[in-house]
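Have a look at the structure below before the remarks.
The values are calculated or read from the model by the stated rules, or taken from the named source; none is laboratory data. Everything quoted here is computed from the prediction, not taken from an experiment. Cβ atoms come from the backbone with ideal geometry, glycine included; neighbour counts cover every protein chain shown.
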Amino acid sequence: MGLGVSRQYVWVILQGRSYVSDAKLGEIERLVCEWIARQKDAGTAGQRLRAARLYAGLTLKEVADLIGYSWVAVERWEKDHCLPKPGVLWHLRHVSCVGEDWIPTTLPRHARPSQTARLSVGA
């Protein structure tokens, strides 16, 4: 982000668990807001999920533990293999502290299973 420190340290500062000067805090908040604005409108559903997780300063395992899923499931969502159910998206938004407009609630067209890919029962 151009601050010269880790995302986790920035998160600690924004949560008020580490002291910095008011000038530095203002600079950090400005840069974080600019980064959020750029990330919010770019990328696939998985990329936006990952950006939201990183914005919150969380690991795959931490997110998984908070929402009651495995880290493998969270990783699959971030790699656009599938999209979680709407209720899980709600939890992800709240864990990551992002709004409804950040994380999409439907799969992009290219990520949906095709009609011909389904197996028929009894075939």
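Odds and ends about this structure:
- Among the residues of region 56-84, those that are among the hydrophobic types (A, V, I, L, M, F, W, C) and either surrounded by fewer than 15 Cβ atoms within 10 Å (Cβ to Cβ) or assigned to a loop (DSSP other than H, G, I, E, B) (or both) comprise A56, L58, W71, V72, C82, L83.
- Among the residues of region 39-47, some residue qualifies, meaning at least one is modelled with pLDDT under 90, at negative phi and exposed (fewer than 14 other Cβ atoms within 10 Å of the Cβ).
- Evaluation of Q8 against (1) in contact with a helix residue (DSSP H, G or I) (Cβ under 6 Å, 6 or more places away or on another chain); (2) not assigned by TED's automatic domain parsing to the domain that holds R93 (one fails), failing number: (1)
To keep it simple, each residue is scored yes or no on (1) at pLDDT 85 or above; (2) closer than 28 Å to G4 by Cβ; (3) in the same structural domain as G4 (by TED's automatic domain parsing).
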position: S18; (1), (2), (3): no, yes, yes
position: E34; (1), (2), (3): no, yes, yes
position: K61; (1), (2), (3): yes, yes, no
position: D65; (1), (2), (3): yes, no, no
position: E75; (1), (2), (3): yes, no, no
position: R118; (1), (2), (3): no, no, no
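- Filtered residues of region 47-94 (kept if hydrophobic (A, V, I, L, M, F, W, C) and touching a residue at least 40 places away in the same chain (Cβ under 8 Å)): L49, A52, L54, A56, L92
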